[in-house]
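Remarks on the structure that follows.
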Amino acid sequence: MITKALDTYFPQLAKMPDLKAELEDICSIHTFEAGTVILNQGAYIKVIPLLTSGLVKVYKVEAENGNEVLLYYIKPGESCVMSVTTLMKNNPSKVKAVIEEDAEIVVIPANKALEIAKKYPKWNEFIYDLFNLKFDELLQVVEILTFSNKDTRLLEYLKKEAMLKNSQIIHTTHQQIAYDLGSSREVISRLLKKLEQNGHVNLKQGAIELI
């Protein structure tokens, strides 16, 4: 199963026979249900995840009030770049990672990930490319937070959710959106009503349809 997972979702790693063989030897595959917290902010990194199915959300938790702000998503074929960089410095995690959709993950033990980073340049290329990708996503978050009004920010969030889940109907709650955007349920409900009045969405019971 690990061989198929690497070949399908991580071809850039699977192309190097020695690296692939070592990953097959040290990795294991785990499944997680939606809602599972796989990394808490402040915890030390024990494993490096390689996502093969499902979706993971990565949050920054504000120390003062406990509000969570969605930073980026981890999709199949990706890993948590923040976990890798934190592991390299042996620091506690600065982010929280939560399973959004039931997921299957190839897990690399943290100590083995450090050894791989020293032995295989191809692994470091993979992490570097992933870091660039996630850095671009973070810049988009900063741009929306800094320069966009709340209506635009909410609409961009809904569009991203629809794209990642390949559906114009997003099954979620106003409270969950508030968590993701570091807002309150009352504010999100008001903004959604405004988006509906402007013809951007249809509000349904437990779901939002993008128009």
Between Asp102 and Ile211, what is the label-point separation in nm under the 7 Å Cα-to-beta-carbon projection? 3.4
I need the calculated FRET efficiency for the pair Phe131 and Arg185, taking r as the beta carbon distance and R₀ as 41 Å, to the nearest 0.05. 0.75
Under 20 Å, Cα to Cα: Lys pairs in the stretch 149-210, sequence gap 8 or more or different chains: 13
proj_area_mean for the stretch 63-120 (convex hull on C-alpha atoms), units nm², value 5.2
Pseudo-spin-label distance Lys150 to Lys89, built 7 Å along Cα→Cβ, given in nm, is 3.3
Quick one: which residues, 5+ away or cross-chain, put their amide H under 5 Å from the amide H of Leu55? H built at 1.01 Å from N. Glu100, Glu101
Return one number: the angle in degrees, 0 to 90 and rounded to the nearest 10, between the long axis of the Cα atoms of helix 17-26 and the longest principal axis of the Cα atoms of the chain. 80
Global geometry of the stretch 149-210, whether rounded, prolate or oblate, following the gyration tensor of its Cα atoms and the 1.5 cut on a/c: rounded
Lysines within cross-link reach of Lys89: Cα-Cα under 17 Å, excluding same-chain residues under 8 positions apart? Lys46, Lys112, Lys118
Rounding to the nearest 10 and keeping the result within 0 to 90°, find how far the Cα-based axis of helix 150-165 lies from the longest principal axis of the chain. 50
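Coordinate-derived values only; no laboratory data. No experiment lies behind these values; they were computed from the predicted model shown. As a convention, Cβ positions derive from the backbone with ideal geometry for all residues, glycine included, and neighbour counts pool all protein chains shown.
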